[in-house]
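Chemist: Dumping the structure here so I can ask a few things about it.
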């Protein structure tokens, strides 16, 4: 299983970067829906490799639940939260996250590192928890914390590269995909 975990670690890093940018094969732009279909195939392969691919309607529903929330996790739009040290008002893409941030920090006072960090964490934590509920091991919720920590580390240590977001996508994707495989 260690080799499979390493393979999904590598695939996850590449996939997350491709998902976060415009990707072309030749002159053809690959739309997000095809990227997400590829993600569904990857998850199906993970379940097949682990020997827990659904064989009845109950396990299929559990598989579909985890798959759906994993797709939502990867399709999460974190708006302006990904620039953690940005103090400009964000676009407010999730009413629930904005409401929680207003409760924690107060209205308009979460446009800072702490607010962006918590906002990103909540955005990834909710689908990670919901995906982990029906998985064989229930530790995928940890992936909800990997995104803000990886983005923070890359933002503050790799500023000299002028591409900290790209590195964060690679690292976060690798961690996220390998965590999902381990918990299948």
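Chemist: Select from the stretch 87-126 the residues that are part of a loop (DSSP other than H, G, I, E, B) and modelled with pLDDT of 85 or more and list them in ascending order.
Modeler: Correct list: 106, 107, 109, 110, 111, 112.
Chemist: Out of all the residues in the stretch 71-80, is one or more over 14 Å from the mean Cα position of the chain (by Cα) and touching a residue at least 12 places away in the same chain (Cβ under 8 Å)?
Modeler: yes
Chemist: Okay, next question. Please pick out the residue among 98, 90, 86 that is surrounded by 12 or more Cβ atoms within 10 Å (Cβ to Cβ) and closer than 23 Å to residue 173 by Cα.
Modeler: 86
Chemist: Follow-up. Somewhere in the stretch 89-110, is a residue within 14 Å of residue 147 (Cα to Cα) and in contact with a helix residue (DSSP H, G or I) (Cβ under 7 Å, 6 or more places away or on another chain)?
Modeler: No, the stretch 89-110 contains no residue that is within 14 Å of residue 147 (Cα to Cα) and in contact with a helix residue (DSSP H, G or I) (Cβ under 7 Å, 6 or more places away or on another chain).
Chemist: Taking the condition of being assigned to a helix (DSSP H, G or I) and over 22 Å from residue 11 (Cβ atoms), how many residues in the stretch 127-163 meet it?
Modeler: The qualifying residues number 10.
The values are calculated or read from the model by the stated rules, or taken from the named source; none is laboratory data. Keep in mind that this is a model prediction, so the values were computed, not measured. Methodologically, a virtual Cβ is constructed for each residue, glycine included, from the backbone with ideal geometry; neighbour enumeration extends over all protein chains shown.
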